[in-house]
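For reference, the structure is listed below as structure tokens.
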Amino acid sequence: MNNTIHVIIESDNVFKNKLKSMMESFDFIFKFYNSEEVFVSNYTYSLEDDVKECILLFLSNDENRINRLNNINNSFGIVPFIVLAEAPSISLCRESFKSGAFDFFPFPFKDIEILNAISHATELFLSMHENHKKYTYLSNKFDRLSVREREILDMILEGNTSKETAEKLSLSPRTVEVHRSNIYTKLGIKSLPQLIQEYEYINTYPKHM
């Protein structure tokens, strides 16, 4: 199982080595990045199964820490991030959770507390990652359809019969049936309910990112 913790912390920060030493006893692979931008530009979702990941975002005591949180938005995608604050405050804690933080800890933190948070965050990622892989797989399948096949697919999903679809698209019913068969073959679909279920998954998944 791939258990990876991505640590975003400035390279010249005096706490980096201390953070490293505190993490050595954890059963995870740790990767370090100098900034959020470096992480985003280098990170890709793993194609492996049973992947567990999360981000530790270290915020030092400087004026830019609130701006950094405001700029995060959805930069980390489905990877949960935990904020470690050098100089914690109520406002910083509030902004962290507003930005989507999974948890928030003052530095130095207790090993057991951060380990529990990492454990829960990585379990969340495991579930979200499986959903993301399913979404990517289904999206790639539907992307293989031609423009005409997509047009007929939309007609099918709207509840039109082959005859009704043929009339609306000025095609013969036989042509529609051929396209319909090709759609099912390309998608590996065996039934209309399966087609509807997979199509709905694609269209509703981004709302839950």
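The values are calculated or read from the model by the stated rules, or taken from the named source; none is laboratory data. If you're wondering where the values come from, they're calculated on a predicted model, not measured in any experiment. Positions of Cβ are generated from backbone atoms using ideal geometry, with glycine treated the same way; all protein chains shown enter the neighbour counts.
Mind counting the residues in region 48-94 that are more than 23 Å from the chain's Cα centre (by Cα) and aromatic (Phe, Trp, Tyr)? Counting residues in region 48-94 that are more than 23 Å from the chain's Cα centre (by Cα) and aromatic (Phe, Trp, Tyr) gives 0. In region 29-57, the residue that is surrounded by the fewest Cβ atoms within 10 Å (Cβ to Cβ) out of those that are within 19 Å of Ser119 (Cβ to Cβ) and in contact with a Phe, Trp or Tyr (Cβ under 7 Å, 6 or more places away or on another chain) is Lys52. Within region 155-197, being on the phi < 0 side of the Ramachandran plot, outside any helix (DSSP H, G or I) and not hydrophobic (A, V, I, L, M, F, W, C) holds for Glu158, Asn160, Thr161, Ser172, Lys190, Ser191. The single condition among (1) surrounded by fewer than 16 Cβ atoms within 10 Å (Cβ to Cβ); (2) more than 30 Å from Tyr45 (Cα to Cα) that Asn160 does not satisfy is (1). Filtered by the rule that a residue be assigned to a helix (DSSP H, G or I), surrounded by fewer than 17 Cβ atoms within 10 Å (Cβ to Cβ) and of a type in the set (Gly, Ala, Ser), region 114-154 gives Ser119, Ser127, Ser139.
May I ask you to list the residues in region 132-149 that are closer than 17 Å to Asn182 by Cα and among the β-branched types (Val, Ile, Thr)? Matches in region 132-149: Val147 only. Of all residue pairs spaced 6 or more apart or on separate chains, those with beta-carbon atoms under 9 Å, a first member in region 180-195 that is assigned by TED's automatic domain parsing to the domain that holds Gly159 and a second member that is buried (at least 16 other Cβ atoms within 10 Å of the Cβ) and not in a helix (DSSP H, G or I) are Asn182/Leu145; Ile183/Leu145; Ile183/Ile189; Lys186/Leu145; Leu187/Leu145; Leu195/Ile189.
Could you please let me know if Ser91 is exposed (fewer than 13 other Cβ atoms within 10 Å of the Cβ), among the hydroxyl-bearing types (Ser, Thr, Tyr) and assigned by TED's automatic domain parsing to the domain that holds Phe39? Judged against the criteria, Ser91 is a match. Consider Met22 carefully, then state whether it is part of a loop (DSSP other than H, G, I, E, B), at pLDDT below 85 and among the aliphatic types (A, V, I, L, M). No.
From the list Ser11, Ser46, the one residue that fits, being at pLDDT below 90, farther than 24 Å from Asp111 by Cα and of a type in the set (Ser, Thr, Tyr), is Ser46.
Where residues in region 164-179 are charged (D, E, K, R) and touching a residue at least 12 places away in the same chain (Cβ under 8 Å), which of them is surrounded by the most Cβ atoms within 10 Å (Cβ to Cβ)? Among them, the one singled out is Glu177.
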